[in-house]
Amino acid sequence: MALLEVKDLHTSFFTDAGEVRAVNGISFSLERGKVLGIVGESGSGKSVTAYSIMQILAGTGKIVSGSIKFDGQELVGAGENVMKEIRGNRISIIFQDPMTSLNPTFTIGRQLMEGILLHTKRNRQQAKERAIEMLKLVNVNEPEKRMKQYPHELSGGMRQRVMIAMALACEPDILIADEPTTALDVTIQAGILELMKDIQKKIGMAIIMITHDLGVVAQLCNEVIVMYAGSICEQGTEEEIFYNPCHEYTKGLMRSIPTVDNDGERLQPISGTPIDLLNMPKGCAFAPRCDAAMKICIREACQRMEINENHAAACWMNVKKWAEEEGEDV
């Protein structure tokens, strides 16, 4: 049985301008010890998916329909008391910006100990020892000294390590990492990713890695979901997504990555602007930006099509290719 199972999830934000459908019917599962990558540009619904799982949506946000099952337990409609037991204990999250996620008025030690005291039976001394142990685990130097410091006294990379220590303190079953390396330079980013890989192997937790950086996905993930306009446009193993992309949006993302082969050449950005979620098109959401768009792409959204047992995509180009191979009219 999958540790986490999301089925037909719809999450919207109800604003004065209208309903913003941020997540539109996504489904996926996550097994113990696996790493799932969710990629896509800003506004594609990646973070909202994570916040829906954690039930920490803003006041205007609401899960409209769908199911989120964790270890067999339904979380949608489960209530705040149930979620308090799960958040930070069995499912933890690392937010995008550690400077805004950490409280500037409390010491690092106090913030680390808070979750340990809340979710375990340790006393204050034991919680302090556990906090220091976690700082050592994430390679924070002089952990006893860091316990007494405030967030502004630490570097960006150090604050991110503190956030990872905080998320792992109760040894969760699932760690959701929401753009954990966005604000860091390349060297520190590589160190953080190596650290997460090592810890994941040590304690056997599952990870949901949310990012727009395909390089991060290549390093860490077993399976990849590509999102656009709140929907899953392609899903498959890391190898399938990178070496056999079957959605025009995924292909566009691949073309925009600098590689050794295109050194010195201009990158090919995806033309146009992201879709307006208040005015979703009738057909494929990516069609207005797609160079290969056909008339049917404008009229009708394509359903998910199985490419093989490890790969699926929702793109009319795959239907066209299949029809041509079968000798049928497109």
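Is there any pair linking a residue in the range 299-318 that is closer than 12 Å to Ala287 by Cβ and of a type in the set (Lys, Arg) to one that is modelled with pLDDT under 90 and in a loop (DSSP other than H, G, I, E, B), with Cβ under 8 Å and at least six apart or on different chains, and which? Short answer, once both residue conditions are applied: Arg299/Lys282. The residues of the range 143-159 that are assigned to a loop (DSSP other than H, G, I, E, B), within 26 Å of the chain's Cα centre (by Cα) and either under 24 Å from Gln73 (Cβ atoms) or touching a residue at least 40 places away in the same chain (Cβ under 8 Å) (or both) amount to a single one, Leu154. In the set (1) at pLDDT 95 or above; (2) out of contact with any helix residue (DSSP H, G or I) (no Cβ under 9 Å at 6 or more places or on another chain), the condition left unmet by Ile68 is number (2). In the list Ala22, Ala50, which residue meets the criterion of being closer than 24 Å to Ala218 by Cβ, of a type in the set (A, V, I, L, M, F, W, C) and surrounded by 15 or more Cβ atoms within 10 Å (Cβ to Cβ)? Only one candidate passes the filter, namely Ala50. Within the option set Thr273, Thr250, being touching an Asp or Glu at 6+ places or on another chain (Cβ under 7 Å), of a type in the set (Ser, Thr, Tyr) and either part of a loop (DSSP other than H, G, I, E, B) or under 30 Å from Glu31 (Cβ atoms) (or both) holds for one residue only, Thr250.
Can you say whether Ala177 is small (Gly, Ala, Ser), crowded, with 16+ Cβ neighbours inside 10 Å and not in a loop (DSSP other than H, G, I, E, B), as far as the supplied structure shows? Outline the logic, then answer.
Working: small (Gly, Ala, Ser): yes; crowded, with 16+ Cβ neighbours inside 10 Å: yes; not in a loop (DSSP other than H, G, I, E, B): yes.
Yes, satisfied.
Yes/no per residue for (1) at pLDDT 90 or above; (2) surrounded by 16 or more Cβ atoms within 10 Å (Cβ to Cβ):
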position	(1), (2)
Met254	no, no
Thr259	no, no
Gln268	no, no
Arg289	yes, yes
Glu306	yes, no
Asp329	no, no
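For the range 133-157, the tally of residues that are among the acidic types (Asp, Glu) and surrounded by 19 or more Cβ atoms within 10 Å (Cβ to Cβ) stands at 0. Within the range 63-96, the residues that satisfy the criterion of being charged (D, E, K, R) and exposed (fewer than 14 other Cβ atoms within 10 Å of the Cβ) are Glu74, Glu80, Lys84, Glu85. Contact map, the range 75-92: residues that are part of a helix (DSSP H, G or I) paired with residues that are of a type outside the set (D, E, K, R), Cβ distance under 6 Å, separation 6+ or inter-chain. Pairs shown: Met83/Gln55.
A quick yes/no check of all residues on (1) under 20 Å from Asn244 (Cβ atoms); (2) under 15 Å from the mean Cα position of the chain (by Cα):
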{"site": "Asp185", "(1), (2)": "no, no"}
{"site": "Gln200", "(1), (2)": "no, no"}
{"site": "Ala206", "(1), (2)": "no, yes"}
{"site": "Asn222", "(1), (2)": "yes, yes"}
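Of the residues Val140, Val162, which is touching a residue at least 40 places away in the same chain (Cβ under 8 Å), among the aliphatic types (A, V, I, L, M), farther than 23 Å from Met83 by Cβ and touching a helix residue (DSSP H, G or I) at 6+ places or on another chain (Cβ under 6 Å)?
None of the other options fit; the residue is Val162.
In the set (1) modelled with pLDDT of 90 or more; (2) part of a loop (DSSP other than H, G, I, E, B), Gln96 fails one condition alone, (1). In this structure, does Arg124 turn out to be surrounded by fewer than 14 Cβ atoms within 10 Å (Cβ to Cβ), basic (Lys, Arg) and closer than 27 Å to Met83 by Cα? Taking the combined requirement at face value, the residue satisfies it.
If you scan the range 15-37, which residues turn out to be under 25 Å from Lys84 (Cα atoms) and touching a residue at least 40 places away in the same chain (Cβ under 8 Å)? Show your work before the answer.
Step one: of the range 15-37, the residues under 25 Å from Lys84 (Cα atoms) are 22-23, 26-36.
Listed by number, the residues that qualify are Ala22, Val23, Ile26, Ser27, Phe28, Leu30, Glu31, Arg32, Gly33, Lys34, Val35, Leu36.
Per this entry, Ser27 is not counted among residues that are polar (S, T, N, Q) and either surrounded by 21 or more Cβ atoms within 10 Å (Cβ to Cβ) or modelled with pLDDT under 95 (or both). When residues in the range 56-73 are screened for being assigned to a loop (DSSP other than H, G, I, E, B) and at negative phi, 5 of them pass.
The values are calculated or read from the model by the stated rules, or taken from the named source; none is laboratory data. Note that the structure is predicted; figures quoted are calculated from it, not measured. As a convention, Cβ positions derive from the backbone with ideal geometry for all residues, glycine included, and neighbour counts pool all protein chains shown.
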